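Notes follow once the structure below has been shown.
What follows draws every value from the coordinates through simple rules; no lab data is involved. Since this is a predicted model, take the numbers as computed values, not measurements. Positions of Cβ are backbone-derived with ideal geometry, glycine not excepted, and every protein chain shown enters the neighbour counts.
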Amino acid sequence: MAPAPSRPGYAVFAGMLAAAGLPIYIHAPKVYVDSYGVGLGALAGVLFALRLFDVVQDPALGWLAERLRARRGLAVAGGVAVLAGSMLGLFAIAPPIAPVWWFALMMTGLFSAFSFLTICMYAQGVAAAPRLGEQGYLRLAAWRETGALLGVCAAAVAPTVLDATGDPYGNFALGFALVCALALWLMRGQWRGEAALAGGSGFAVVLADPVARRLLIVALMNAAPVAVSSTLFLFYVESVLEAPGWEGPLLLLFFLAAAGSAPVWTRLAARFGARAMLLAAMALAIVSFSLVLGLGAGDTTVFALICLASGAALGADFALLPALFARRLEEIAPEAAAGFGLWAFVSKLTLAFAAVVLLPALEGAGFVSGGKALKARSIF
C-alpha cells in the first residue's frame, strides 16, 4: 500500500523549490551587476534564452518524469544534487570563466533541476492527494503552497539577514544546500513508483481539454504582475522610493502576506468555490498594483501597504490554481507529469518576458543601479 502523504515533507520540499525560483530572479541579476559588472542587457539576453530553452525543456522534462516513474526517488535525488550544486556555483563560487557565461551555466542547471523537481512533486501529489479524503487536493495544496511561500519569504530576505557575515549570498547558498538535504530526508518513501494509471497521458490530452487550457491561460496571465514586480523590485525600492535597506523587509512583508493568506483562501474556496475566490484575488491584485504608479521618494509606508495587499492576492494563486489543475489532471491525465511540464513552462514564461523587456529598457534609458529617484522615475 502506498504511504500516506507527508504533508510536512511536501511543505519543506515545496519551500526548497520556491527558494530556488522567484527569489533568484530578484537576487541574481543585481549580484552579477554589482559584483561582476555584467550589463543588464546581457543578463536579460541570458534569461530570455533560458526561457526559450524551456519551450522545449519543460514539456520534455514532463515526459521524462513520466518515463522515470518507477525510479522517481532516484531521479529526484539526482535533481536535488544538481539544484544545490548550481546554487552554490551561482553565489558561493567566484566565476572561473567570464561572469556572464558562468551565470548562464549555473542558471541553466538551477532552473532545469527546478523544473524537473517541480513536475515530479506536483505529479506525485496528484496520486497522493486522494488519500487525504474529501478535499484532499485543497488540503495538500494548503501545506505545499504555504511551505512554498514561506520558502520564498526566507530566500527573499536571507541575504539581508546574512549581510553581517561578510558573504551573504555565499552563505545563503550554503544554507540552501542544507535545506535540500533536509527536504530529501523528509520526503523519503514518498516517491515510490506507481503502476501505470488508467486514463490519458501526454501533452495532447492536456491541451485538448478546454478546462485545462483555461487554467493554463489563467496561470499565465496571473503570473504577469508577479514577473514585473520581481524583476524591478530591488531597483524600485532603491532608486524610486529611495529606501535602501528596506528591500528585505518589504519583500518579507509581501511573501508573508501571501503565505498567511494561502490557508485562508483555501478555507474560503471550500466554502464559496475556488472560482469566486480567484476572481476576488484578481480584483485585489489589480487595485493594489495600480497604486504603485503614483509613488515616489519617501512613500515607503504606502508601498508596504501595497505589498501587504498584493501579497495576499498572490496567496490565492499559489493555493488554488495548482489544486484546480491537479484535480482536473486526475480526470483527464492521471499520471500528471506531462501536464505539470506544461504548467512549469507557463509559470516561468512571464518571468522571461519581463526580464527581456524591462532590463534592456532600464539600461537603454540610462538607469544605473543606485541612481537617484529623479532619474529612475522617468524609467519606471
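With r defined as the distance between the Cβ atoms of GLU331 and VAL287 and R0 fixed at 25 Å, what FRET efficiency is calculated, to the nearest 0.05?
Working: r = 34 Å, r/R0 = 1.38.
It comes out at approximately 0.15.
Rounded to whole numbers, the Karplus 3J(HN,Hα) couplings from phi for segment 171-178 are 5, 4, 5, 5, x, 5, 4, 5 Hz, using 6.51 cos²θ - 1.76 cosθ + 1.60 with θ = phi - 60°, and x at Gly and Pro. For segment 243-248, 3J(HN,Hα) computed residue by residue from phi via the Karplus equation (6.51, -1.76, 1.60; θ = phi - 60°) reads 10, x, x, 8, 4, x Hz, glycine and proline entered as x.
Can you figure out the FRET efficiency of PHE53 with ASP163, using R₀ = 30 Å and their beta-carbon distance, to the nearest 0.05? The pair PHE53/ASP163 has a calculated efficiency of 0.35. Within segment 71-102, what residues put their amide N at less than 17 Å from the label point 7 Å along the Cα-to-Cβ vector of ALA177? Answer for this model: 78-96.
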